[in-house]
Amino acid sequence: MGVSADAPGTLVAFKKENNIHHTLLSDFPRRTMLTAYDALVTDPNSPIFRYAKRAYFIVDRQGVIRYMKVQQNPLELLKADEVLQALKDSGAKRERRSSRSPRSSR
């Protein structure tokens, strides 16, 4: 899932426009989650004050953070291989979908 500082309506439009199927959560307007995870620009002198930083987290089912990387430059993206390796290293196991899952019919 993804978390954004954008308003929920903006995320709905973004998902539709980009054909995204995973959950996107909004931390708008208070941005409490982004602040708690140090994923928000908090320098009032910054031109991107209160914008979300580019951040990657892997959280297990018990809520333990297994991987965390917060980029200082929002234009710096992690390579997919790095994220996938972090996921493997975290010990996460892939869930099998039941035959009644709406996505299994695709």
Result of the Cβ filter at 7 Å on the range 15-41, keeping first residues that are in contact (Cβ under 8 Å) with a residue 60 or more places away in the chain and partners that are part of a loop (DSSP other than H, G, I, E, B) and surrounded by 15 or more Cβ atoms within 10 Å (Cβ to Cβ), at least 6 apart or interchain, is none
Picked from the range 42-55 (must be closer than 10 Å to P74 by Cα and touching a residue at least 40 places away in the same chain (Cβ under 8 Å)), the residue farthest from the chain's Cα centre (by Cα) is Y51
Going through the range 15-31 in order, the residues found to be under 25 Å from L87 (Cα atoms) and either in a helix (DSSP H, G or I) or among the hydrophobic types (A, V, I, L, M, F, W, C) (or both) are K15, N18, I20, L24, L25
Going through the range 57-86 in order, the residues found to be within 15 Å of the chain's Cα centre (by Cα), farther than 15 Å from G2 by Cβ and β-branched (V, I, T) are I65
* Evaluate the following for G91: is it within 15 Å of the chain's Cα centre (by Cα) and either modelled with pLDDT under 90 or more than 16 Å from D38 (Cα to Cα) (or both)? => no
Of the residues in the range 56-78 that are in a strand (DSSP E or B) and free of Cβ contacts under 8 Å to residues at least 24 places away in the same chain, the one that is farthest from K88 (Cα to Cα) is K69
Flagged in the range 13-70 as touching a strand residue (DSSP E or B) at 6+ places or on another chain (Cβ under 6 Å) and among the β-branched types (V, I, T), in numbering order, are I58, V59, I65, V70
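The values are calculated or read from the model by the stated rules, or taken from the named source; none is laboratory data. Predicted model, so just to flag it, every value in this text is computed and none were measured. A quick note on method: Cβ atoms are made from the backbone with ideal geometry, for glycine too, and the neighbour counts reach across all protein chains shown.
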